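Single-structure report; data block below.
FYI, it's all coordinate maths here, none of it is from the lab. Keep in mind the model is a prediction, meaning the values are calculated, not measured. Cβ coordinates were reconstructed from backbone atoms using ideal geometry, including for glycine residues, and neighbour counts include every protein chain displayed.
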Amino acid sequence: MKDAKLVVKSESHQNTIVHLSDHVAIGGQKIVIIGGPCTVESLTQMETVAQHLQFAPVQALRGGVYKPRTSPYAFQGMGLEGLEILAEVRKRYEMPIVTEVMAISQIEEIAACADMLQIGSRNMQNFDLLKAIGQANKPVLLKRGLASTIEEFVMAAEYIMSYGNPNVVLCERGIRSFDPYTRNVLDLGAVVALKQITHLPVIVDPSHAAGKRELIADLSRGAIACGADGLIIECHPEPDKSVSDARQALTLDDMVNLVRSVKPVAEAIGRQVYEIQRPQLAIA
Ligand code: PEP
Ligand code: MN
């Protein structure tokens with residue numbers, strides 16, 4: 001990894017903090033939790049999610065509007081209409097938004113209404129996209145490739161940083177292996193290694209790693225115990241009706257319970273969680 005000049009730590013305490021908003025930052029003392037559906041399906045769906053999750057508290061919302069689907073016949077995402085929904089929910093609930101960018105041509109429109117641009121697993125080595133996102137003025141969530149080595153992952157982040165964008169968060173989301181019981185294998189060893197090698201924040205996506213909702217809460221707590229700076233988790237008002245990744249979607253109540261259960265684990269390793277922000281009462 002000797003070529004990774006910008007991503008590798010130059011001293012042991014070097015630690016990058018990536019700000020999603022004035023109130024939410026990834027890589028500091030506090031664990032950040034991002035939640036929401038795999039795919040944006042309607043304004044009602046996203047509002048229901050935001051209403052439930054804001055007091056969990058979840059710090060940012062996710063939802064894809066451009067979806068990388070295995071089949072060309074599967075729903076490909078709502079596109080611009082979905083982006084308008086995200087922009088509306090962002091404004092109404094004052095929660096930062098994370099959504100996936102699949103092509104260079106989408107960067108400008110997505111950057112106009114999202115707070116963090118996600119590069120999906122399938123695009124981790126789309127080098128032209130990495131170079132373009134490196135020139136965007138927004139934080140990036142870089143997901144580990146489906147079967148990428150730690151070195152390839154680090155070098156993908158190096159592409160983004162070397163093109164001028166220092167605000168990169170790494171996301172371990174499981175890697176391919178032989179056993180179909182779990183969708184992928186969650187590589188917590190990589191989380192520990194990446195925290196040691198790089199100065200970038202590292203978060204974990206247990207949803208795409210496990211592929212089964214009943215595994216997600218325990219994997220989430222394990223990830224925090226291993227030093228992850230946050231979690232990104234899929235949930236849905238009616239999980240079985242999710243247009244994509246239904247089997248791994250949590251109910252909103254399960255999501256709230258999961259968030260609360262992370263607190264003692266975070267505190268046991270000297271980290272904190274975000275406390276519930278009460279809505280400001282208007283002063284008459
Ligand atoms: C997603 O976040 O919905 C997604 C497609 O993730 P990944 O790129 O990790 O498969
Ligand atoms: Mn998904």
The range 24-71 - residue that is buried (at least 21 other Cβ atoms within 10 Å of the Cβ) and among the polar types (S, T, N, Q) and, of those, nearest to ligand 1 (Cβ to nearest atom): Thr39
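I'm trying to understand the selection: among the residues of the range 120-152, which are under 22 Å from Gly28 (Cα atoms) and either crowded, with 19+ Cβ neighbours inside 10 Å or touching a Leu at 6+ places or on another chain (Cβ under 8 Å) (or both)? Please lay out each step first, then the result.
So in the range 120-152, the residues under 22 Å from Gly28 (Cα atoms) come out as 137-144.
Answer for the range 120-152, where residues must be under 22 Å from Gly28 (Cα atoms) and either crowded, with 19+ Cβ neighbours inside 10 Å or touching a Leu at 6+ places or on another chain (Cβ under 8 Å) (or both): Lys138, Pro139, Val140, Leu141, Leu142, Lys143, Arg144.
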Test: Ile203 is in contact with a Gly (Cβ under 6 Å, 6 or more places away or on another chain) and either within 16 Å of ligand 1 (Cβ to nearest atom) or part of a loop (DSSP other than H, G, I, E, B) (or both): yes
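Give Ala25, Ala56, Ala50 a once-over and let me know the one that is within 17 Å of Ala114 (Cβ to Cβ) and in contact with a helix residue (DSSP H, G or I) (Cβ under 9 Å, 6 or more places away or on another chain).
On the way: Ala25 fails: in contact with a helix residue (DSSP H, G or I) (Cβ under 9 Å, 6 or more places away or on another chain); Ala56 fails: within 17 Å of Ala114 (Cβ to Cβ).
Exactly one residue qualifies, and that residue is Ala50.
Specify which of the listed residues (Ser162, Ser121) is in contact (Cβ under 8 Å) with a residue 60 or more places away in the chain and farther than 23 Å from Ala228 by Cα.
Values: Ser121 fails: farther than 23 Å from Ala228 by Cα.
Testing whether each residue is in contact (Cβ under 8 Å) with a residue 60 or more places away in the chain and farther than 23 Å from Ala228 by Cα leaves just Ser162.
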Which of the residues that make up the range 221-241 are in contact (Cβ under 8 Å) with a residue 24 or more places away in the chain, outside any loop (DSSP other than H, G, I, E, B) and within 16 Å of ligand 2 (Cβ to nearest atom)? Leu231, Ile232, Ile233, Glu234, Cys235, Pro239
If you go through the range 13-34 one residue at a time, do you hit one that is touching a strand residue (DSSP E or B) at 6+ places or on another chain (Cβ under 9 Å) and within 16 Å of ligand 2 (Cβ to nearest atom)? yes
Among the residues of the range 161-176, which ones are aliphatic (A, V, I, L, M) and part of a strand (DSSP E or B)? Val168, Val169, Leu170, Ile175
By residue number, the members of the range 72-99 that are buried (at least 21 other Cβ atoms within 10 Å of the Cβ), hydrophobic (A, V, I, L, M, F, W, C), assigned to a loop (DSSP other than H, G, I, E, B) and within 15 Å of ligand 1 (Cβ to nearest atom) are Met78
Given (1) within 20 Å of Tyr159 (Cα to Cα); (2) within 16 Å of ligand 1 (Cβ to nearest atom); (3) in contact (Cβ under 8 Å) with a residue 24 or more places away in the chain, where does Asn126 come up short, assuming only one miss? (3)
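Tell me, yes or no, whether the range 177-188 has at least one residue that is in contact (Cβ under 8 Å) with a residue 12 or more places away in the chain, surrounded by fewer than 18 Cβ atoms within 10 Å (Cβ to Cβ) and either of a type outside the set (S, T, N, Q) or assigned to a loop (DSSP other than H, G, I, E, B) (or both). Spell out how you get there, then give the answer.
Initial filter on the range 177-188 (in contact (Cβ under 8 Å) with a residue 12 or more places away in the chain): 182-188.
The next check asks that each one be surrounded by fewer than 18 Cβ atoms within 10 Å (Cβ to Cβ); those that pass are 182, 185.
From the residues that got through so far, the ones that are either of a type outside the set (S, T, N, Q) or assigned to a loop (DSSP other than H, G, I, E, B) (or both) too are 182, 185.
Yes: the range 177-188 contains one or more residues that are in contact (Cβ under 8 Å) with a residue 12 or more places away in the chain, surrounded by fewer than 18 Cβ atoms within 10 Å (Cβ to Cβ) and either of a type outside the set (S, T, N, Q) or assigned to a loop (DSSP other than H, G, I, E, B) (or both).
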